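Notes follow the structure.
Just so it is clear, none of the values below were taken in a lab; they were calculated from the coordinates. None of these values were measured; they are calculated from a predicted model. When we count neighbours, we look across all protein chains shown, and the Cβ atoms used for this are built from the backbone with ideal geometry, even at glycine.
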Amino acid sequence: MSLRLYNSLTRKKEDFVPLQENRVGMYVCGVTVYDYCHVGHARAGAAFDTIYRYLKHLGYEVNYVRNFTDIDDKIINRAKEKGIPWQELTEQYIQAFYEDMGKLNIELPTIEPKATDHIPEMIAMIASLIEQGKAYDKDGDVFYSVHSFDGYGQLSGKNTDDLLAGARVEVNEDKRNPLDFALWKKSKPGEPEWESPWGLGRPGWHIECSAMSKKYLGETFDIHGGGKDLIFPHHENEIAQSCGASGKAPVKYWIHNGFVNIDKEKMSKSLGNFFTIREIYKRHHPEVLRLFLISSHYRNPIDFSEKNIEDVAKVLTRFYEGIEAAEEILQDKETPSLGDAVRSCTFMQKFEEAMNDDFNTAVALAHLNEELRKMNTLTQKKKSGPDGGGDLPISLAALKKAGNVLGLFYRTPKQFQSEMFQLKNRELHLDTQKIEALIAARNTARKTKDWGKADQCRDDLNTMGVVLEDTPQGTEWKIK
RNA sequence: GGCACCGUCGCCAAGUGGUAAGGCAGAGGUCUGCAAAAUCUCUAUCGGCGGUUCGAGUCCGCCCGGUGCCUCCA
């Protein structure tokens, strides 16, 4: 059983065979840094982070490149609005990106190139395209000649005639063909600019990915990813440029993640119906957001709603409680190297089978849920006698390992619970002392078997939003 | 207008030819003073119609409903 993945280029699931044995080159389109990340960015981040982690889990050495687009019209405009230099703006949002994505437990890629650090590489590629007659300079703007590339439209399933008939193409007198796109843009006064053979200007959007992927991964590499919305025109144009320059198809497998919807409608900046990640963090735990994002398959749309994310919070809480109980009963008993046992256990086999099928995290999570139930049963057995629950260490280790591949369970249960408590308590503002007092009163009543009074205390707590749990170690409480 | 995609239990969500994973919610049992937690059991024939097939949620056609891309966008 080996990895199969859906290739947007062929619209089929294919066996994954990297160009070099055991090594994977992967390029994922990052963000344009002119604003805070929204949930859609979070989804792409989580999807490709999970793919990255799983490839490493399979033993591949992954060279993972994710760029920052730090020069573009939106950046220039936003900096102008704010009255700050564009470099300051991009730096600010790059920092915010790391904060937001870091909380989502997104691992750092191998390399994170910025567009503005690669102007010479882009200029070289543009020059090569002009030399080959595939691009032309028009008064300081340089355009790619779409007619020079036969394969244009293959990725997005479009043909040039239809695109022209679409008639929504920008009218630009300077272009020989309306479909031609900018490789280099002549600068206007006051705009950021770089010297080039065609005069002062800045690169077009698409060329950065072609130039940087070539630099770090070579002319042909294994995986290129991004959101579905990038298929056209961005990735289509990227193929045209890269292929035009090198004569080779740049990418073997194209992977695109689905959108996050709000009320069944795409969330996007242009529609104005987006939530930033940091807004979400005010109400929900980052790990809950991550679990929410990977609880459906990466290619399907997901609908973002409070109800859906709250359901997920319950699930994650259950996992952490199960892990906590198992860890408590096993205590610090050093579990000898369980590597082989974990790797070969039935659950891990099922987990990998699911992930091998185009990174099916939804099915993988179903297996995690089954394993959690099994582990809870083992914990109970262990509690009721030292001879029971013999496989508990393996179950626990396997569950955590699989969770880690999905970017989950990286906190201690205590940390998670405390963070969840703080989040929930923001609205409730519970008086801990009062709660403890009520619990003490209840326990006194219970000793004298004054059940009426004991239940009254519990009811009072309940209306405050507190639920009790009587355990052999005493009474514990948590927010409903 | 062109090109894609989606419609599975009350809700979320897998499943692309062989008699529907998982989660939330719900019902019942075990445990508990009663609860809670945990655990066990139960709850769908897959938008509609027609077709292909021994057999279809899964392929084909039509219809209904919804979305995306074609313009910056994860």
Longest to shortest principal axis, alpha-carbon extents of the stretch A:58-118, angstrom: 48, 27, 14
Rounded to the nearest 500, what is the 222 nm mean residue ellipticity of chain A from helices alone, with -39500 (n - 2.57) per DSSP H run of 4+ residues and division by all residues? -15500 deg cm²/dmol
Amide H neighbours of residue A:227 under 5 Å, at least 5 residues apart or on other chains, H built in the peptide plane: list them. A:257
Here are some pairs, A:74/A:424; A:228/A:314; A:74/A:228; A:103/A:381; A:264/A:414; A:56/A:215; which of them have Cα atoms lying more than 32 Å apart in this structure? A:74/A:424; A:103/A:381; A:264/A:414
Quick one: plug the Kirkwood hydrodynamic radius of the stretch A:169-288 (C-alpha pairs) into Stokes-Einstein at 20 °C, 1.002 mPa s, and report D in µm²/s. 123 µm²/s
The stretch A:85-95 - phi-based ³J(HN,Hα) in whole Hz, Karplus 6.51/-1.76/1.60, Gly and Pro as x: x, 4, 5, 5, 4, 5, 4, 4, 7, 5, 4
For chain A, convex hull of alpha carbons as volume per residue, Å³: 166 Å³
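Quick check: net charge around residue A:113, other residues with Cβ under 9 Å of its Cβ, Lys/Arg +1 and Asp/Glu -1?
In short, 0.
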Determine the sum of side-chain charges near residue A:197: Lys and Arg each +1, Asp and Glu each -1, restricted to other residues whose C-beta is under 12 angstrom from that of residue A:197. -3
Out of residues 5 or more away from residue A:6 or on other chains, whose amide H comes under 5 Å of its own, with H placed 1.01 Å from N in the peptide plane? A:14
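Based on the mean of other beta carbon atoms within 10 Å per residue, what is the order of A:273-285, A:290-302, most packed first?
Values: A:273-285: 17.1, A:290-302: 20.8.
The packing order, highest mean first, is A:290-302, A:273-285.
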Just to confirm a number: summing +1 for Lys and Arg and -1 for Asp and Glu over residues other than residue A:29 whose beta-carbon lies under 11 angstrom from that of residue A:29, what do you get? -2
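What GluC sites (Glu not before Pro) in the stretch A:170-259 are in a loop by DSSP, with at most 16 other Cβ atoms within 10 Å of the Cβ?
Listed in order of number, the matching sites are A:170, A:173, A:193, A:195, A:219.
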Rh by Kirkwood over Cα pairs, then Stokes-Einstein D for the stretch A:335-466 at 0.692 mPa s and 37 °C, µm²/s: 181 µm²/s
If the chain between residue A:349 and residue A:480 were fully stretched, how many nm would it gain, using 0.36 nm times the residue separation less the Cα-Cα distance? 43.6 nm
If you line up the long axis of helix A:236-246 against the longest principal axis of chain A, both from Cα atoms, how many degrees apart are they, to the nearest 10? 60 degrees
